[in-house]
Amino acid sequence: MTYLLRRLAVFPLVLIGVSIVVFVAIRMVPGDAITAMLGTEAGLLTPAQREALAAYFGIDQPWFVQYGRWLLGLLHGNLGISSTYGKPVLDVIIERFPLTLELALLSMIIALAVGVPAGVFAATHNEKLSDLGVRVAAMIGQSTPNFVLALLIIYTLSAGFGVLPAMGEFSPLWQDPLRNLSQLILPAITLGFAFAASVTRVSRSAMLDVLSDDYVRTARSKGVSARGVIWRHALPNALIPVVTLSGIEFGYLLGGAVIVEQIYALPGLGRLVLDAILQRDYALVQGCVLFIAFNFMIVNLLVDLAYVALDPRIRLGEQ
Amino acid sequence: MRMPRAIFAHPSGRIGGFIVGLYLLLAVLGLLGLTPHDPLMQYRIDRLHAPDSTYWMGTDLFGRDVASRLMMGIGQSFTVAFFSVAFAALAGTVLGLAAAWFGRRWDGIVMRVMDVLLAFPAILLALLIVAVAGPGTWTSIVAIAIVYTPIFTRVVRGPALSLKAREFVDAARTFGSSSSYILTRHLLLNLVAPLTVQITLALAWALLTEAGLSFLGLGTQPPAASLGLMLSDSRNLMETAPWLMIFPGLAIMISILGFNLLGDALRDIFDPRMRRAIA
């Protein structure tokens, strides 16, 4: 309990640190937000119009005044107004987040569905040819950048089967589940591939560790079937490092997969941040990064809690 | 001499070492301009030429030789990866040692700053830095170095803290050794193993991040070649000239594989538990 409280106490400090870093960094980007927003048309603005726009978005003040205002707004749940979308930042983020969340979940499901059985298989066939095959595949999978895989998938589909991945306007899950799945399945496989490879490697080595433990030998000598030993006795303990790994990877995926979203033309959080940085949409970058960092920290905290739940021997607060 | 032999004796080390060695050779040749053709030369009549004996990996939309550009790109990517990891390792080691050695407030400040940096997904932090400083080789180096510094700081601080509490450090203090002597001789030397493993794995990640930044148009700028940039350029020509995608794609993949294999082998070699198990 004390551990949890201590972790929670650090939360706001880290978030404030993150927001200061982004706040200062984004204001060091050469050029100004109004020119970035209006492009060549910015040249047509009279100085008075320009000032009015700057005042509307609050970017006419020194950075510390802007930061203070922003922090005050944050306490009221107001992250400012996006200069690109002309809408509250939180609304823009909430529009994009479901896609990113769905993509992250799908990728994780694929990774676990492939990785855990593959890891268990390799561990139970240790040092055999099939184990070597799984290990080589996992190593290659882990070394394949997702953008290389994405292009390979698109190329194979178009050259081999004459089909292209479903792109075009994105349909949310609640509107057209089938079309939604057809749009997300390839990106999810792309992201899940290297993730599955990591899960395979971690579950294999964790399983090997556990299988040589005394209690597994005891279960075996008591006549528990081989399958029972693996799935009931060994696997739950071997899953602890898998949970940690999956949690961290999931946290990263919640930050948006910038490149994969770009390749598959998906309007997720990653592309939103990239565009916001390129457009110098200060409020949006700030809001997105804070949102992503917050998610990342929450997921890490949940991973630690899952750790305790899975292994009662670990009592984090007492260490 | 023991180290190369140990790597050679390890199956992953052998393959990884070979791949990394081969890439280093290609990178050096690419940087020295010792390529089959001039990587920037546009052979206009041979545009989008399929691979053959003259152009081993074909030519691109401008009639430039893909094999030569690939070597130039490997040189470019490796330069960014090596410099960025060198800076990150140096900064991380100094910060991690300082945090462990001075403890208390200094430790608190350093580690909280690292927590802040670690709360950003790597590519996002790199993007932000590139946006501030403008795209280019040196920006990529600095961005990747900043992204990986917190990881090195953590890798160094943990073991340094436990080393600091060991008897031989107390003994060295009693004998009047200076702090700097203890830090470099007793702490740093004992951290060589985890640092070497981390550096090898970080090189794989740095190559990946560099390729990613260049793919988004925020890393190496044209007409210079980089693996990520070549891959990004290949997107619209995928069906007419698949070689533009396949060779850079494989080149990135195999280079990362090489460092991952080598890193794994080094971890096995350095991990005393594993060594005991083998002995």
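The values are calculated or read from the model by the stated rules, or taken from the named source; none is laboratory data. On a predicted model such as this, the values are computed, not experimentally measured, just so you know. Cβ sites come from the backbone with ideal geometry, for glycine too, and all protein chains shown count toward neighbours. Just the protein is used for accessible areas: all its heavy atoms, side chains included, with ligands, DNA and RNA removed. Shrake-Rupley method; radii C 1.70, N 1.55, O 1.52, S 1.80 Å.
Could you tell me which numbered condition residue B:137 fails, if it satisfies all but one of (1) more than 14 Å from every other protein chain (Cβ to nearest Cβ); (2) modelled with pLDDT of 85 or more; (3) within 25 Å of residue A:7 (Cβ to Cβ)?
For residue B:137, the exception is condition (3).
Going by the structure shown, is residue B:191 under 24 Å from the mean Cα position of the chain (by Cα), hydrophobic (A, V, I, L, M, F, W, C) and open to solvent by 30 Å² or more (accessible area, probe 1.4 Å)? Full working, then the answer.
Values: under 24 Å from the mean Cα position of the chain (by Cα): yes; hydrophobic (A, V, I, L, M, F, W, C): yes; open to solvent by 30 Å² or more (accessible area, probe 1.4 Å): no.
Criteria not met by residue B:191.
Would you confirm whether or not region A:210-222 contains a residue that is in a loop (DSSP other than H, G, I, E, B) and away from chain B (no Cβ under 14 Å)? Outline the logic, then answer.
Going through region A:210-222, the residues in a loop (DSSP other than H, G, I, E, B) turn out to be A:212-213, A:222.
This time we only want the ones that are away from chain B (no Cβ under 14 Å), so: A:213, A:222.
Yes; the residues of region A:210-222 include at least one that is in a loop (DSSP other than H, G, I, E, B) and away from chain B (no Cβ under 14 Å).
Out of B:38, B:46, B:65, which single residue is of a type in the set (Asp, Glu), open to solvent by 40 Å² or more (accessible area, probe 1.4 Å) and at pLDDT 90 or above?
Numbers: B:46 fails: at pLDDT 90 or above; B:65 fails: open to solvent by 40 Å² or more (accessible area, probe 1.4 Å).
Residue meeting the stated conditions: B:38.
Which of the residues belonging to region A:118-132 are part of a helix (DSSP H, G or I) and open to solvent by less than 60 Å² (accessible area, probe 1.4 Å)?
At the first step, the residues of region A:118-132 found to be part of a helix (DSSP H, G or I) are A:118-124, A:129-132.
Listed by number, the residues that qualify are A:118, A:119, A:120, A:122, A:123, A:124, A:130, A:131.
Here are some conditions: (1) outside any helix (DSSP H, G or I); (2) crowded, with 24+ Cβ neighbours inside 10 Å. Residue B:156 meets all but one. Which one does it not meet?
Going through (1) outside any helix (DSSP H, G or I); (2) crowded, with 24+ Cβ neighbours inside 10 Å one by one, residue B:156 breaks only (1).
Just the residues that are farther than 18 Å from residue A:257 by Cα and surrounded by 10 or more Cβ atoms within 10 Å (Cβ to Cβ), please, taken from region A:145-162. So that I can check it myself, show each step before the final result.
Taking region A:145-162 and keeping what is farther than 18 Å from residue A:257 by Cα, we get A:155-162.
A:155, A:156, A:157, A:158, A:159 - these are the residues of region A:145-162 that are farther than 18 Å from residue A:257 by Cα and surrounded by 10 or more Cβ atoms within 10 Å (Cβ to Cβ).
Going through region A:255-301 one residue at a time, which ones are assigned to a loop (DSSP other than H, G, I, E, B), closer than 25 Å to residue A:81 by Cβ and under 15 Å from the mean Cα position of the chain (by Cα)? Before the answer, list the steps.
Our first condition is that a residue be assigned to a loop (DSSP other than H, G, I, E, B); within region A:255-301, this holds for A:255-257, A:264-268, A:279-281.
From what's left, closer than 25 Å to residue A:81 by Cβ: A:255-256, A:266-268, A:279-281.
Selection gives A:255, A:256, A:266, A:267, A:268.
Going through region A:86-115 one residue at a time, which ones are over 17 Å from residue A:188 (Cα atoms) and either over 16 Å from the mean Cα position of the chain (by Cα) or surrounded by 15 or more Cβ atoms within 10 Å (Cβ to Cβ) (or both)? Let's see the steps before the verdict.
Keep residues of region A:86-115 that are over 17 Å from residue A:188 (Cα atoms), which gives A:86-95.
A:86, A:87, A:88, A:89, A:90, A:91, A:92, A:93, A:95 - these are the residues of region A:86-115 that are over 17 Å from residue A:188 (Cα atoms) and either over 16 Å from the mean Cα position of the chain (by Cα) or surrounded by 15 or more Cβ atoms within 10 Å (Cβ to Cβ) (or both).
Consider region A:133-185. How many of its residues are in a loop (DSSP other than H, G, I, E, B), within 27 Å of residue A:95 (Cα to Cα) and either touching a Lys or Arg at 6+ places or on another chain (Cβ under 6 Å) or more than 12 Å from chain B (Cβ to nearest Cβ) (or both)?
Here is the first cut: in region A:133-185, the ones in a loop (DSSP other than H, G, I, E, B) are A:143-145, A:162-176.
Subsequent filtering for residues that are within 27 Å of residue A:95 (Cα to Cα) retains A:164-176.
Among the residues that remain, those that are also either touching a Lys or Arg at 6+ places or on another chain (Cβ under 6 Å) or more than 12 Å from chain B (Cβ to nearest Cβ) (or both) are: A:165-176.
Of the residues in that region, 12 qualify.
With respect to the numbered conditions (1) surrounded by fewer than 18 Cβ atoms within 10 Å (Cβ to Cβ); (2) modelled with pLDDT under 80, which one is the sole condition not fulfilled by residue A:78?
Failed condition: (2).
Please go through region A:258-287 and pick out each residue that is open to solvent by less than 20 Å² (accessible area, probe 1.4 Å) and within 9 Å of chain B (Cβ to nearest Cβ).
The answer is A:258, A:259, A:263, A:270, A:273, A:274, A:277, A:285.
Identify the single condition in (1) farther than 20 Å from residue A:255 by Cα; (2) touching a strand residue (DSSP E or B) at 6+ places or on another chain (Cβ under 8 Å) that residue A:89 does not satisfy, given that it satisfies every other one.
Answer for residue A:89: the failing condition is (1).
Which fully enclosed helices (runs of 4 or more DSSP H) of region B:164-279 have 1 or more residues being within 14 Å of another protein chain (Cβ to nearest Cβ) and farther than 24 Å from residue B:17 by Cβ? First the steps, then the outcome.
Working: elements: B:167-174, B:192-215, B:227-233, B:243-270, B:272-278.
Counting at least 1 such residues, we get B:192-215, B:227-233, B:243-270.
Can you find a residue in region B:102-114 that is crowded, with 22+ Cβ neighbours inside 10 Å and within 19 Å of residue B:150 (Cβ to Cβ)? Quick ask: steps written out before the conclusion?
Step one: of region B:102-114, the residues crowded, with 22+ Cβ neighbours inside 10 Å are none.
No: zero hits.
For the condition at pLDDT 90 or above and over 30 Å from residue B:248 (Cβ atoms), what is the one hit in B:163, B:195, B:189?
Working: B:163 fails: at pLDDT 90 or above; B:189 fails: at pLDDT 90 or above.
Going through B:163, B:195, B:189 in turn, the sole match is B:195.
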